[in-house]
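Single-structure report; data block below.
Values in this text are rule-based calculations from the coordinates and carry no lab data. This is a predicted model, so every value here is computed, not measured. Cβ atoms come from the backbone with ideal geometry, glycine included; neighbour counts cover every protein chain shown.
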Amino acid sequence: MNKQKLKESMQRNCQVKYGKSIEKAVSYQIWNSLSLALLEEIVENWNQTQEIYKKQKRAYYFSSEYLMGRALGNNLMSMQVYDEVKELLEEMHINLNEIEEIEEDAGLGNGGLGRLAACFMDSGAVMNIPLSGYGIRYSNGLFSQKIVDGSQVECVDEWLKYGDPWSIRKDDLAVEVTFDDFTVRAIPYDTPIIAYGSKNVNTLRLWKAEFLESFDFELFNNQEYDEAVQAKNRAEDISRVLYPNDSKEEGKLLRLRQQYFMVSASLQDIIRSHKEEHGLDFTTFDKWHVIQLNDTHPVLAIPEFIRLLVDEEGIKFEEALAISQRIFAYTNHTILQEALEKWEMDLIEQLFSRISEIIIKLDEHFEATLADKDYEEEVLEQFHIIQDEKVHMANLAIHVGFGVNGVAQLHTDILKERELHQWYELYPEKFQNKTNGITPRRWLRLCNPELSALITELLGNEDWVMDLSKLDELEKYVNDESVLKRLMAIKHTKKVQLAEYIKETQGIEIDPNSLFDIQIKRLHEYKRQLLNAFYILDLYYELKENPTKEMPSVTFIFGAKAFPGYERAKAIIKFIGQIQQLVNEDEEVNQKMRVVFVENYRVSLAEKLFPAADVSKQISMAGKEASGTGNMKFMLNGAPTFGTYDGANVEIVEASKEENNFIFGLRVEDIAQIEDEYDPQAFYENDKNLMRVIDSLIDGTFSDGGTEEFEELHDSLLEGTSWHEPDQYYLLADFKAFKEAQEAVLTAYQDEMSWAKMCLMNIAHAGVFSSDRTIMEYAKDLWDIKPIRI
Ligand SMILES: *Cc1c(COP(=O)(O)O)cnc(C)c1O
């Protein structure tokens, strides 16, 4: 890279955008100017890559979520100019770190599913796979979280407040999306996905919804000002927020509009490009295109594709269906019933009646294909796309899609054997496993440069960044004390950095010499943050009774957002807040243990947390966490897993061996055994310690501010409710095993060298969890696509 040229470009961009020189610019202006200058550097490669991709088969990832995080640091790393640019800025008296920190996260997703999409984008580019992402450019991403007096407060996320220098708005590629009541314009914003180690630059194309005109001139002229902008607002609402509240019908309609908006715009774009490259021949469409549906949110793409071919291109329904059966594949991300989307037929009819006609036709078609199978009536009913006037999106995807994949081996097995068993029997050839992965660029090279440097030194080169299986070779250092000591020194450095950040942002002091035990993930009952909280409270009581208990000091760290409408999840945050206060303010114990709930868990904060963890807490009820990817980020940064035999934990333990992790609790098959007669009350009555921590919810130990939320939590465990049995996630049944496993952690941590070995063994066997491996499996087994390098 030419430093002088970059500097000139920064100056130029700053001058024309802000009317001042870099020397006078403030942080966000420097961030924009630098980003634009870097964009200038790659734009030619970007265009070239897209031209080359057009000549061969391409894959499109359809996802309602992309949890991208920050772009600047990642792109500097991908372009391999990080140190150079840092130096250049220093010469200009600018601190790169400060510039990076002012960037808002692009938080256009909720959790693991959205982050997976972002990791796949990165791996697609690095592996030189012609893969493009399609989604929605929400004006506001997932809410930003404040913790006020221990409770979650939601604030709007304004990720665009300083601009979005990495995206290019392409008005010339806008398309129209028509609902039965109005039409909107979909405008693509393209973001480059820059490959580390090659010149390929892939594309993430996100659509923004706009009104066809800027406002209704006639109404405005009639001085009806509010009415004049109403239609404009209604159009823009479509890409305003991720997962709008859908407790009422208006909200449901908006979500459905978003889904249709995204798939219709994306398909029109793909069809237009197909026609430009390959003319009007649609019979070969599947030779050129394949679409991966990330969960059920984009499944409306199937009837919309058929509609576009039949109504716009004059192709027969049967032919259009046959083509769609060769281009769509579906990824299942969960077995939780509430997440398997079912849309009421009359909502679909209201918004796009033609789509409802096509869905009915599809349902009839598949019913006819099953006619000779001799199914019983009830079995047959389960295969229907429409049941009780509701459209089962997963059923639609499984019937039409050529592939159905789970996201970890255990999850895929559960799909085949249980949740989707009848589907597996009907279409065994469609089912595949694709264990999730994470990008080693962001989740090691970028977020942990200290550990990266050590690995590079030990392996002799940086090849591991693009081929993570190279980490295997680290195993030979497992008895090398100087390497193990350096590993622990790096961990300490990362803990110091995190402690400083927490002190600065939340004013809470934690001790970097204590064990950092971290649970960070969305707040959900099945993930069992409450079980962790009960354990921590129990440990507190134990220390009160036995202040000389032999143990290292421990810092328990939580980070989690609770979905705004999920009251119980918010109550759990409040409960953790109360425990935090009790423990941290108690001079008798706060040298031995502390609790911190970090505010606003998101990608950029995750990058500070994973490298600083001593223990990775993955304690979901067995069978409920499809894969998990946070578990992989911890592993890659050298933290043993403390977890249940669930999701990808199973494969993590298989790779790094059970003795290097802390596995506890009921397994899937154990739960299957006891589920019919599970009696949490018995566990409660037979364990005084468990009783004490559960009672703390109702005996006045803590205050929920008079809301009765804690009582509701208590009852959810012991009484059950109209919609579920008591303790549906088996917290009480796993409490004792949890505690024993945690005791084992506290003991093991006291032997520094054997602990360091466990960390090293985890790093050395994390290679298989690279999303590069995952994306190559998709390319080979599902998409039939080979890499092409520019
Ligand atoms: C990796 C990641 C997740 C997923 O975490 P799980 O523990 O797998 O649920 C969620 N949010 C963010 C910000 C992440 O980086």
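Structural remarks
- At least 20 Å along the helix axis (C-alpha) and Kyte average at least 0.5, DSSP helices within the chain: 112-126
- Those trypsin sites (Lys or Arg not before Pro) in segment 279-359 that DSSP places in a loop and that have at most 16 other beta carbons within 10 Å: Lys316
- Listed residue pairs exceeding 18 Å between alpha carbons, taken from Lys503/Lys574; Lys55/Lys287; Lys570/Lys688: Lys503/Lys574; Lys570/Lys688
- Counting DSSP beta bridges with both ends in the chain, the antiparallel % (nearest 5): 40
- Listed peptides 368-380, 517-529, 227-239, 406-418 appear in the order 517-529, 406-418, 227-239, 368-380 once ranked by packing, highest mean of other Cβ atoms within 10 Å at the front.
- Each part gets one Cα centre, and for segment 82-129 versus segment 528-600 those centres are 32 Å apart.
- Using the alpha-carbon positions of segment 149-265, Rg (one decimal) and Dmax (whole number) come out as 17.5, 59 Å.
- Rotationally averaged projected area of segment 243-381 (alpha carbon convex hull; nm²): 9.7
- With R₀ set to 41 Å, the beta-carbon distance separating Met753 from Glu417 gives a calculated FRET efficiency near 0.45.
- Förster radius 35 Å - calculated FRET efficiency between Glu249 and Ala322, Cβ distance, rounded to 0.05: 0.45
- Per-peptide packing, taken as the mean over residues of other Cβ atoms within 10 Å, places 28-35, 688-695, 464-471 in the sequence 28-35, 464-471, 688-695 from highest down.
- Note on segment 438-470 and segment 654-680: Cα centroid distance 33 Å, given to the nearest whole angstrom.
- Environment charge at Leu444 (Cβ cut-off 11 Å; Lys +1, Arg +1, Asp -1, Glu -1): +2
- Computed helical MRE - 222 nm, the chain, DSSP H runs ≥ 4 contributing -39500 (n - 2.57), nearest 500: -14000 deg cm²/dmol
- Segment 31-186 - Debye-derived log10 I(q)/I(0), Cα point model, q = 0.12 Å⁻¹: -0.67
- Cubic angstrom per residue, convex hull over Cα atoms of segment 628-673: 64
- Gain in span if fully extended, Glu40 to Asn513, counting 0.36 nm per residue against the direct Cα distance: 165.8 nm
- Computed over the chain, the percent of Cα pairs more than 52 Å apart is 13.
- With R₀ set to 25 Å, the beta-carbon distance separating Lys688 from Glu585 gives a calculated FRET efficiency near 0.50.
- At the listed q of 0.14 Å⁻¹, the Debye profile of segment 636-726, built from one uniform point per Cα, gives log10 I(q)/I(0) equal to -0.76.
- For segment 717-772, the Cα-based Rg and Dmax, in that order, read 18.3, 52 Å.
- The P(r) of segment 402-503 has a tail past 17 Å containing 66 percent of all C-alpha pairs.
- Cut-off 16 Å (backbone N to label point 7 Å along Cα→Cβ of Tyr566), residues of segment 231-268: 242-247
- Extension gain, Glu338 back to Ile788 (0.36 nm per residue minus Cα-Cα distance, nm): 158.0 nm
- Selection from Gln350, Thr369, Ala329, by position along the positive dipole direction of segment 309-429 (Cβ): Ala329
- Alpha carbon centroid spacing (whole Å) that separates segment 263-288 from segment 615-632: 39
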